[in-house]
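Visitor: One structure follows; several queries about it will come next.
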Amino acid sequence: SRARGVSTLADAAGAVAAGLAGRPWAPSRLDAADSRARLAALERRGEKRGPGVLGLYTGGTLAHEARLLLEPLLAGASVPVRIVDLGDDEFTVGRPHPMLDPEARSARVRESGRDPRVGVLLLDLVLGRAAHHDPARPLADAFAEARRTAAAEGRGLVGVASVIGTPDDPQGLTGQVATLRSAGIEVLPSNADAARFAALVARPALASSLLGDGP
């Protein structure tokens with residue numbers, strides 16, 4: 001068999017599925033039309049935002065992937081990037097993992113609304129039988145509060161997330177996505193897409209490389 005190198009988790013899954021089905025495969029890219037529409041909607045808000053991207057993750061592998069994608073995109077662009085894996089040992093000694101108890105992350109999300117350095121909040125949401133029964137609700141509520149706090153100080157805050165799960169997960173994939181969107185969070189199809197879109201929001205000049213030169 002022939003080995004194939006990929007750069008994201010979503011591409012790894014897509015390449016395996018295509019190989020098993022005997023279909024051609026190509027690396028995924030951000031949906032240009034969808035991303036441009038999202039950016040236009042954000043631009044219409046007319047908000048001033050902090051310069052930085054803050055990732056608050058419950059999945060360590062997802063956090064690592066986001067860091068690998070963001071650093072080359074934003075290096076040298078005066079865009080501060082901080083990715084925090086809240087499932088790391090330093091955050092879970094003596095307390096439940098954030099996939100089980102969302103409050104530790106929710107508190108940090110609320111705090112982000114008071115931080116003038118943060119303009120984009122990057123998040124993951126992991127579903128499954130070992131996860132919280134409704135993780136989207138506390139995350140959405142915390143983000144809505146953070147946005148109100150930022151707005152009271154004259155700043156905008158953009159939330160970007162991906163949901164890792166399937167329609168068969170007990171939390172209900174469709175409902176979890178809808179809950180996040182109801183709070184104004186931009187939900188992307190994969191963690192890689194979410195990281196790239198977060199970079200694009202923080203640095204719009206990336207549009208030509210990430211979306212191509214089309215309209």
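The values are calculated or read from the model by the stated rules, or taken from the named source; none is laboratory data. A quick note: this is a predicted structure, and the numbers were derived from the prediction, not measured. So basically every Cβ, Gly included, is an ideal-geometry build from the backbone, and we count neighbours across all protein chains shown. Each accessible area value is taken on the protein alone, full model and side chains, heavy atoms only, with ligands, DNA and RNA left out. Shrake-Rupley method; radii C 1.70, N 1.55, O 1.52, S 1.80 Å.
Visitor: Report every pair of residues separated by at least 6 positions or lying on different chains whose Cβ atoms are under 8 Å apart, first residue within region 73-88 and modelled with pLDDT under 95, second among the charged types (D, E, K, R).
Guide: Cβ pairs passing all conditions: ALA77/ARG203.
Visitor: Next up: Could you say which residue among ARG29, ARG23 is exposed (fewer than 13 other Cβ atoms within 10 Å of the Cβ), at pLDDT 90 or above and in a loop (DSSP other than H, G, I, E, B)? Walk me through it before giving the result.
Guide: Numbers: ARG29 fails: exposed (fewer than 13 other Cβ atoms within 10 Å of the Cβ).
So the residue among ARG29, ARG23 that is exposed (fewer than 13 other Cβ atoms within 10 Å of the Cβ), at pLDDT 90 or above and in a loop (DSSP other than H, G, I, E, B) is ARG23.
Each row is one residue, and each column tells you yes or no for (1) in contact with a strand residue (DSSP E or B) (Cβ under 8 Å, 6 or more places away or on another chain); (2) closer than 28 Å to ALA13 by Cα; (3) at pLDDT 95 or above.
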| position | (1), (2), (3) |
| --- | --- |
| PRO102 | no, yes, yes |
| ARG114 | no, no, yes |
| LEU139 | yes, yes, yes |
| GLY156 | yes, no, yes |
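Visitor: Of all the helices (runs of 4 or more DSSP H) wholly in region 119-215, which have at least 1 residues that are open to solvent by less than 10 Å² (accessible area, probe 1.4 Å) and at negative phi?
Guide: In region 119-215, the matching helices (runs of 4 or more DSSP H) lie at 136-152, 173-182, 191-202.
Visitor: Does region 33-41 contain any residue that is open to solvent by 70 Å² or more (accessible area, probe 1.4 Å) and either at pLDDT below 95 or under 17 Å from the mean Cα position of the chain (by Cα) (or both)?
Guide: no
Visitor: Which of (1) of a type outside the set (Val, Ile, Thr); (2) open to solvent by less than 70 Å² (accessible area, probe 1.4 Å); (3) in contact (Cβ under 8 Å) with a residue 40 or more places away in the chain; (4) more than 22 Å from SER190 (Cβ to Cβ) is the odd one out, the single condition GLY46 does not satisfy?
Guide: Answer for GLY46: the failing condition is (3).
Visitor: Something else now. Of the residues ALA183, ALA195, which is within 24 Å of GLY76 (Cβ to Cβ), touching a strand residue (DSSP E or B) at 6+ places or on another chain (Cβ under 8 Å) and of a type in the set (Gly, Ala, Ser)?
Guide: None of the others qualify; the one that does is ALA195.
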